[in-house]
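What follows is a short report on a single structure.
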Amino acid sequence: MPSSADMLIPASPDVSPSTELDNAQSNSQQTFSFHPKYALPVYEVVFSVEGKGFILDSSKLSRHSPFLGHMLSDGNLGGTLDPGTEDCEGSQKEREGSRKNPIIIAGLTAQAFEDFMDWFNHIALEPLKTEHTEQLLNILHISHMWQMEQGVKFAASQLIKQSLHPVHRLRLAQQYGLQDWIEIPLRMLLSTPLELYTEVNENNLDFPLYVIIATTKESIATARKRLAHHPPFPADSDNTPFCLHHTVCKKVWYEKWFLVLGRSIHHPSEHFPIILIPETLEKMDHRGMNPECKKYVLEWIQTNFFSLIRKEEDLIQQAITTVHGMFF
């Protein structure tokens, strides 16, 4: 009679015990191979920032940064030289980048380097807004310094969401080659009173950039005043369409222009882009004006007056192009 232990083992009538043993040995001796993405060697390199040491994987750094790849490929960096290698005084030498002879990084704080390495090693960043902004600036600075494109893109994509002063944004764009950071802050500055530019000393404009913005603002102000004081309307000799109450139509048009649209153009703090004039006029209630007259005037504006309406936008685009050329 079989024992209770024997009853727990499933019967294998077609496989002998010796065959099962051979299969187990075969499985344990399967060929071992590395995954191609994770077969790269690991080489230690040590950096010193403000006297604090950071032990890093030089092979990982090299894969993400052409600059570091070139620098760390130097045979005199990292680890210890062969036992027989001695300096001129006969004592053992340590390669730069070893624990005894770390690579010293000047011009950075240990906290800034820690912020960068936290991102590089995918450690969660501090969520507090002010500190997080500083962390992103540190990541941007070191990534740019080490030609690490992924870090620059990451930091820039996150910093654009922060409440940075537009002048600060322009300075970052110039310093770190962020070419798509020009338009938005420049538009903000062109629609902001000059006295607000220097409310924070560190955000002061460089003089050449200030001149570009100031002269563009002056040209825009002239174009806006000219347009606000001269409502677009066809000459009296233009009788299309024929209207028995054309004098009334003209009066309604002028009143709406001066009392509504003109005030928006002249508003000191709420900027109204004059490129929106046709759209605004079309939606405006011109009660008392012949609908056919209004339709004709709007079409006439698009054909004969649009260059003046586009003047502000053209000046802005010209400033963007000028600043872009100055920065890059």
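Every read-out reported here was derived from the displayed coordinates using simple, explicitly stated rules and does not represent laboratory data. Note that this is a predicted model, so its numbers are computed, not measured. Positions of Cβ are generated from backbone atoms using ideal geometry, with glycine treated the same way; all protein chains shown enter the neighbour counts.
Most exposed first by the Cβ proxy, i.e. fewest other Cβ within 10 Å, how do CYS243, CYS293 rank? All intermediate terms of the calculation are to be shown ahead of the outcome.
Numbers: CYS243 16, CYS293 23.
By the 10 Å Cβ count, ascending: CYS243, CYS293.
Under a 5 Å amide H to amide H cut-off, with H placed in plane at 1.01 Å, what residues pair with PHE233 once short-range neighbours are removed?
Those lying under 5 Å, H to H, from PHE233: there are none.
Using DSSP to define loop residues, name the trypsin sites (Lys or Arg not before Pro) in region 155-190 whose beta-carbon has at most 14 other beta-carbon atoms within 10 Å.
Numbers: sites: LYS161, ARG169, ARG171, ARG187; in loops: LYS161.
Passing both the DSSP loop test and the Cβ count: LYS161.
Would you mind checking which residues have amide H under 5 Å from GLU96's amide H? H placed 1.01 Å from N; only 5 or more apart, or other chain.
Sorted by chain and number, the residues that satisfy this are GLY78.
Once the cut-off is 16 Å, how many percent of the Cα-Cα pairs in region 111-196 end up in the long-distance tail? Don't skip to the answer; put the middle values down first.
On the way: 1894 of 3655 pairs.
Everything past 16 Å amounts to 52 percent.
So how far, in whole Å, is the C-alpha centre of region 139-157 from the one of region 273-328?
About 40 Å separates the Cα centre of region 139-157 from the one of region 273-328.
For an R0 of 30 angstrom, estimate the FRET efficiency from the Cβ-Cβ distance between THR303 and LYS283 and round to the nearest 0.05.
0.90
Under 21 Å between alpha carbons, and skipping anything fewer than 8 positions from LYS256 in its own chain: which lysines qualify?
Excluding near neighbours in sequence, the set is LYS225, LYS283, LYS294, LYS295.
Any idea what the alpha-carbon Rg over 2.2 N^0.38 Å comes to for region 158-291? Please list the in-between numbers first.
Working: Rg = 20.5 Å, N = 134, 2.2 N^0.38 = 14.1 Å.
That ratio works out to 1.45.
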